[in-house]
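Have a look at the structure below before the remarks.
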Amino acid sequence: METLDTDVTIIGAGPVGLCLARALSGAGLDITVVERQAESSLSTPPFDGREIGLTHRSRAHLQRLGLWQRLAPEDVSLLRDMQVFNGDSLRSMDVSHRGSGRDRLGYLVANQAIRSAAFAAVREADDIRILDSVRVIAVDSTVDRARVRLEDGRELVSKLLVAADSRFSETRRAFGIGTRMFDVGRSMLVCRVTHDIPHDDVAWEWFGVGQTLARLPLGSAQPLGHRSSLVLTLPAREMGEIQALDADRFAREMERRSGGRMGGIHSVSERHVYPLVTTYPQRFSGHRFALIGDAAVGMHPVTAHGFNFGLMSVQALAREILQAAAAGTDIAAPGRLARYEREHRRATLPLYLATRGIVGLYTDDRRPARMVRQALLRVGDGLAPFKRLLVASLTSEGIGPARVPAHPASRGRA
Ligand SMILES: Cc1cc2nc3c(=O)[nH]c(=O)nc-3n(C[C@H](O)[C@H](O)[C@H](O)COP(=O)(O)OP(=O)(O)OC[C@H]3O[C@@H](n4cnc5c(N)ncnc54)[C@H](O)[C@@H]3O)c2cc1C
């Protein structure tokens, strides 16, 4: 059996695992990333329908990691403001950039573009090894070392093991960490469309009866109209019928479901469906072990924070590891992992809980819930605390303890 000694093992080469590898590169550490997908789908990831709403803090972080510079201008769309509608009412709760000191709430970038930029940045680092097309079959840790066994018989021994293996993390489960899971009982369909009515870089979310529909503005108008991402949330049993429609029928169905808010819909990309399950584990760390990304906090996409929180976990954990490496001390010292855990919990729990509450209220089609949300919207600022939390989270630069120095590879670039 081949045994590989490495300083940090990261399970999962999703966007967050790759960003952590990149953040740790250049500090004299040997980093190994294990991924079950093949290298070809990491270097050229297929379109998966996700348009990731990025905060200003995330944009700055991606820049420091040398990823933002790899995105083509057409990959980045502007998210100026958001509107939330309830039922048949045309009155909206406006989440505006105004007053935030910014000219926009944030940015929209396809997950596919983020993943390929992250992989390109990692591939050029010679202290990062990627073991692709291989599954982890067992994990274990003691006070001295963490061990990972791979299905091809190889074993990895490291000072620190980091799980970035999705919200359904098998590693988290193997370490016996319980997780509060909330199955929203809905599926989310995402795709790109072109349509007649301009979006003016404003996103909207419409909590109708029996469905939630969102439109995310995408840049560069096409010959066939303006481009947006459509996000339709329905009970899973209804989603099957929608998925079975051909592109033309689907477009007509979306015109009907959007109540004409987008005008005619002309072309539709491939469609992707995701089950909606949110997760929040009891712990983010253990002996020589930490959770990051969705493995740590699995958000509901409605507040656009999953990857943004993932990047915050990268910042907070990388800071602890890099400080320890610079001081020549243990990179997985219990005090450091505990500090990471405290910081990440503090940064994520309020919005996680607020989002859960809002989702619960807005996906409940019973009459009392419909009346409560209408009242909240009518009182103008009934949702003010949630709005403030969301706007602050989207627009703040995150100047605080989680800041990391510029990555060597990003210095000197725009
Ligand atoms: C429809 C939708 C819209 C979203 N919109 C937003 C948004 O607007 N803003 C935002 O911030 N976030 C958004 N998100 C969330 C965002 O996509 C996730 O937070 C992000 O992808 C998490 O990245 P990750 O690397 O932690 O996990 P993942 O992307 O899940 O990657 C996990 C990786 O681990 C690998 N893996 C798993 N198990 C193993 C194993 N045993 N061995 C080896 N490899 C393994 C997987 O193959 C995968 O590559 C959205 C999500 C969805 C579904």
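Grab the other residues whose beta carbon is less than 15 angstrom from that of residue 241, score K and R as +1, D and E as -1, and report the net.
After counting each charged neighbour, the total is +4.
Could you run the Karplus curve 6.51 cos²θ - 1.76 cosθ + 1.60 with θ = phi - 60° over the stretch 170-178 and give me ³J(HN,Hα) per residue in whole Hz, x for Gly and Pro?
6, 5, 4, 5, 4, 7, x, 8, x
Just add up the charged neighbours of residue 178: K/R +1, D/E -1, any other residue whose Cβ is under 10 Å from the Cβ of residue 178.
Surrounding charge for residue 178 is +4.
Report the charge-dipole magnitude of the chain in Debye, nearest 20, computed about the Cα centre from +1 at each Lys and Arg Cβ and -1 at each Asp and Glu Cβ.
The dipole magnitude comes to about 1320 debye.
Report ³J(HN,Hα) in whole Hz for each residue of the stretch 22-31, in order, from the Karplus equation J = 6.51 cos²θ - 1.76 cosθ + 1.60 where θ = phi - 60°; Gly and Pro get x.
5, 5, 8, 5, x, 10, x, 9, 9, 10
I want to check the label-to-label distance for residue 282 and residue 267. Put each point 7 Å from Cα in the C-beta direction and report it in nm to one decimal.
With each label point 7 Å from Cα toward Cβ, the separation is 5.2 nm.
Among 23, 112, 43, whose Cα lies farthest out toward the positive end of the dipole of the stretch 16-161, if unit charges sit on the beta carbon of Lys, Arg (+1) and Asp, Glu (-1)?
Going by the Cα projections, it comes out as 23.
For residue 125, what charge total do you get from the other residues with a beta carbon under 12 Å from its beta carbon, if Lys and Arg give +1 and Asp and Glu give -1?
-1
Dipole magnitude of the stretch 210-275 about its Cα centre, charges +1 at Lys/Arg Cβ and -1 at Asp/Glu Cβ only, in debye to the nearest 20?
220 debye
With each run of n ≥ 4 DSSP H residues scored as -39500 (n - 2.57), what mean residue ellipticity at 222 nm is computed for the chain after dividing by its residue count and rounding to the nearest 500 deg cm²/dmol?
-10500 deg cm²/dmol
Considering amide H positions built from the backbone, and no H for Pro or chain starts, which residues 5 or more places from residue 135, or on another chain, come under 5 Å of its amide H?
151, 152
Once both axes come from the Cα atoms, what is the angle between helix 247-257 and the longest principal axis of the chain, in degrees from 0 to 90, rounded to 10?
70 degrees
Toward the positive end of the charge dipole of the chain, about the Cα centre and with charges on Cβ (Lys, Arg +1; Asp, Glu -1), which of 133, 13, 198 goes farthest?
198
Pull out a ≥ b ≥ c, the square roots of the eigenvalues of the alpha-carbon gyration tensor of the chain, then state rounded if a/c is under 1.5, prolate if not and a/b is larger than b/c, and oblate in the remaining case.
Here the chain falls in the prolate category.
Counting only heavy atoms of protein chains, what accessible area per residue, in Å², does the stretch 310-354 have with a probe of 1.4 Å?
38 Å²
With r defined as the distance between the Cβ atoms of residue 74 and residue 243 and R0 fixed at 35 Å, what FRET efficiency is calculated, to the nearest 0.05?
That pair, residue 74 with residue 243, gives E of 0.80.
May I ask you to derive the relative contact order of the stretch 182-301, considering only C-alpha pairs under 8 Å and at least 6 residues apart, and to give it as an integer percent?
Contact order relative to length: 33 percent.
Can you sort 126, 152 by solvent-accessible area, 1.4 Å probe, largest first?
126, 152
Ignoring everything but the protein chains, give the 1.4 Å probe accessible area of residue 181 in square angstrom, nearest 10.
So the heavy atoms of residue 181 present about 110 Å² to solvent.
The values are calculated or read from the model by the stated rules, or taken from the named source; none is laboratory data. Keep in mind that what you see is a predicted model, and the values were worked out from it rather than measured. Glycine gets a Cβ as well: all are built from the backbone with ideal geometry, and neighbour counts include every protein chain shown. Side chains are part of the model used for accessible areas, which takes the heavy atoms of the whole protein and leaves out ligands, DNA and RNA. Shrake-Rupley method; radii C 1.70, N 1.55, O 1.52, S 1.80 Å.
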